[in-house]
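Enquirer: One structure coming up, written as structure tokens, with questions to follow.
Each value in this text was obtained by applying a stated rule to the coordinates, not by laboratory testing. Here the structure is a predicted model, which means the values were calculated and not measured. Cβ placement follows ideal geometry from the backbone for every residue including glycine, while neighbour counts extend to all protein chains displayed.
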Amino acid sequence: MAAQRDGGARRGPASVTRRALRTTLAACAAFFVCLYGLDEPVAATYALFGVVSMAALSHIPGTGRQRAAVLVRTAPVAGVLIVLGTYLAVRTWSAVAGMLLIGFLLAFVAAAGPRAGGAAPGLQLLYILPSFPPYAPDTLDERLAGAMFGLVLLVLAELFVLPEQPGPSYRRLAAEAAGTAARCAAELHRAPYTLSAASIEAARTVGEALRPSRVDEADRPAGPGLRDRALAHAGLAARTLLNRMARLPAPPPGGLPPEQGPEVLIAVGRAAAETAALLDGEADATDEAGALRRVRAQATAAAVLEESSPPARGRRRAALLEMADAAVAFTTAAELAVRGRRARLPAETDAGRFWYAGHFPPRLWWHRLAAHAGPRSVHFQNAVRISLALAAARTIAGVESLPHGFWAMLAVLSLTRTTAAQTRATVRLALTGTLVGALTAAAVLALVGGRTTVYAIALPFVMLVAFRVGPVRGVGWAQGMFTLVVSFVFAQLAPVTWRLAEIRIMDVVIGSMIGIVFGLLAWPRGAQEELRRAVALLLTREAETVEGTAAAVVAGTPGNIPDDRPLQRALTLAESAWAQHQSEPRAPAGGAPDWQAAMMSGHHVLWGSRRLLAHGGPPLVPENASLLHDRSVVVTAGMRAAADRATPDPPPTESPPTESPATESPAAGPATGVAAGDGGVAAGAEPGVGSPRFFAALTWMDSLATDVERIEAPLGPQGPAGTG
């Protein structure tokens, strides 16, 4: 999930070196001050591991300033976890029960986005550390003081030691998209009233930059809060708006009434320019977004009053109203993203699309976590896997009285991956590295003995190399160097012998075996299978929604917002599975579907269905009813065919008969009898006059057919070509 602009630079060798230096400075300073300055070995232990847990074990994305902000917010949680771990360590059963529950909750919070998920492993370690004997609640003050002191030094190091320059934020990228939309609207207002090839390419480039997979994790609006939800919504609406502009059909010959083009385009352009200024932090004294809503309402009302339109005019009107709808969604979401609960939203704002507006953070957090509370969520699967593995490791450590048993749990935490194959490969490298590191540590301990000054002098250098080499050279180097680090640390806390290295090997082996066992037992294929299942469910829900919407338009119904909660939940699960799938190493698969295109189609189905059913209308005339029904059959058949291909290990099916083209996918080629871009009806059956609602539904079907074609299109190195 590396960002195309700056994410790779943030994870490059120079960035790793800076982070290693900051971690080493904070950890060694905290450890030496507490141990040699204050003579507090307990505080020294927690100070050092507080830094190591949140800087080395955690994967908090972003620049030093962004990570410091996350650390400040998580510091109180770290304190609570140390308290709980201290008191639950009184008995093995209570420690195991706490490990099972707290381990699950900390892992499950990854559903709240990469920032929360990145901090979770470090918080797990801060709970694990005090949950082992000795049961010493009388040392709680030293534990808390040491951990908080280490975190304070880490925050200062992140802020002031070799600070990094941030890349363009998602809000800045959305502002660029708004500026591009304003320029495209101005061009569409001039003859020949379509975009040039250069403008289409610019719109595509700007739209692609808003793909979450192309944005650094720290800048990705993935959190459950109001502003993050709104900013993600704004990015999606901006991509949809640019796509609609690029595909706007040319007007028919002759003049156009105001609601057919000029007024809508002028309003869209002005609102987009105002939104660009808003996202850039510039003051806005006008209300172009409100003017756009009024123009859209007038155009919609005029379309409702007009009983019939010729094809070219009807298609143009429908495309313009789709563009205006996307622009209204963009401006509204941007207003919420910038002003939060202080946003100036009109009374007619779509309460379904912007359901999150006005809700307080606890409600939004609950909504996000509840959406993933089930075995089909990859976040739920990961939380179950890691909590069971940690509980098993704590049970073995308690029953067998393992010395330094938390090392076994640290191995579980750091080596368990989301797929069994990945865990096995990681463990193999980790054991090799640990063995080499332990042999080196044993030799050093045997030669140096109890001369702690030598360990104190060597610790910063060994730690710097460990945190610099580990992320670059892999888990084997990381485990080997970390074995040296912990050996040098414990040699300063108490007299040790070379057998400490032996204990380290034993604990890592035990933790690794536990990780492998639970990796095999609990969803061993990670997100790879779950993504296919989730996308298949999503496409099936999309097909059901399209069928219901088409039937309602054909029959003519009063305005009635559909119940789209099943589709929304399917979309949520698919997006989370896709996010994890990108982080899992896998062999390149030629011709893989464009998974993100499937999710974009889900949003298009949601938005289009709501727009078509929000206002009632009379039944369609039989000819148009037949055309729309046939088109919906083709589109839904394409969605279900894509769902069948996405299903893990689908059963073999017979080829459909060639005389039934309506049951095949539009992407299948000439055998379907439908050519892409012809309006979705069979050759020679172009619709005649029809109601605006009919043309709006037909245009929506056309865009969904394009989405299905993108899902089936093989991905190149840079992803699909469309702005989606």
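Enquirer: Which log10 I(q)/I(0) values, to two decimals, does the range 402-524 give at q = 0.17, 0.19 Å⁻¹ under the Debye formula with one point per Cα?
Expert: The Debye formula, applied to the Cα set alone, gives -0.80, -0.96.
Enquirer: I need the calculated FRET efficiency for the pair A197 and R341, taking r as the beta carbon distance and R₀ as 45 Å, to the nearest 0.05.
Expert: 0.55
Enquirer: Here is a further query. In nm, to one decimal, how far is the E547 label point from the T205 one, both placed 7 Å along Cα→Cβ?
Expert: 4.4 nm
Enquirer: Round to the nearest 0.05 the FRET efficiency obtained for H404 and L105 when R0 = 22 Å and r is the Cβ-Cβ distance.
Expert: E between H404 and L105, to the nearest 0.05, is 0.30.
Enquirer: If each of E623 and A186 carries a label point 7 Å out from its Cα toward its Cβ, how far apart are those two points in nm?
Expert: 4.3 nm
Enquirer: With 5 Å bins from zero, work out the P(r) of the range 1-124 over every alpha carbon pair and list the percent per bin.
Expert: 2, 10, 16, 20, 19, 15, 10, 5, 2, 1, 0
Enquirer: Let me ask another. Which residue, chosen from L159, A27, P61, occupies the Cα position most advanced towards the positive end of the dipole of the range 1-163, where the dipole is computed from +1 (Lys, Arg) and -1 (Asp, Glu) charges on Cβ about the Cα centre?
Expert: About the Cα centre, the residue reaching furthest to the positive side is P61.
Enquirer: Here is a further query. Placing +1 at every Lys and Arg Cβ and -1 at every Asp and Glu Cβ, with all other atoms neutral, what dipole size does the range 186-242 have around its Cα centre, in debye to the nearest 20?
Expert: Once rounded to the nearest 20, the dipole reads 160 debye.
Enquirer: What translational diffusion coefficient, in µm²/s and rounded to a whole number, does the Stokes-Einstein relation yield for the range 349-472 at 25 °C and a viscosity of 0.890 mPa s, taking the hydrodynamic radius as the Kirkwood radius over Cα pairs?
Expert: The estimated diffusion coefficient comes to 129 µm²/s.
Enquirer: Given a Förster distance of 51 Å, report the FRET efficiency between D280 and W366 from their Cβ-Cβ distance, rounded to the nearest 0.05.
Expert: That pair, D280 with W366, gives E of 0.95.
Enquirer: What nm value, rounded to one decimal, do you get for the distance between S94 and R376 when each label is placed 7 Å out toward the C-beta?
Expert: Label-label distance for S94 and R376, simple model: 4.1 nm.
Enquirer: Want the number for A443 to V633: 0.36 nm per residue separation, take away the alpha-carbon distance, what's left?
Expert: 61.1 nm
Enquirer: Here is a further query. Please name whichever of A185, A198, L231 sits farthest to the positive end of the charge dipole of the range 178-238, dipole taken about the Cα centre and charges placed at Cβ: Lys and Arg +1, Asp and Glu -1.
Expert: Farthest towards the positive pole: A185.
Enquirer: Can you tell me how much longer the chain between L84 and F160 gets when fully stretched, taken as 0.36 nm per residue apart minus their C-alpha distance, in nm with one decimal?
Expert: Contour length minus the Cα-Cα distance gives 24.1 nm.
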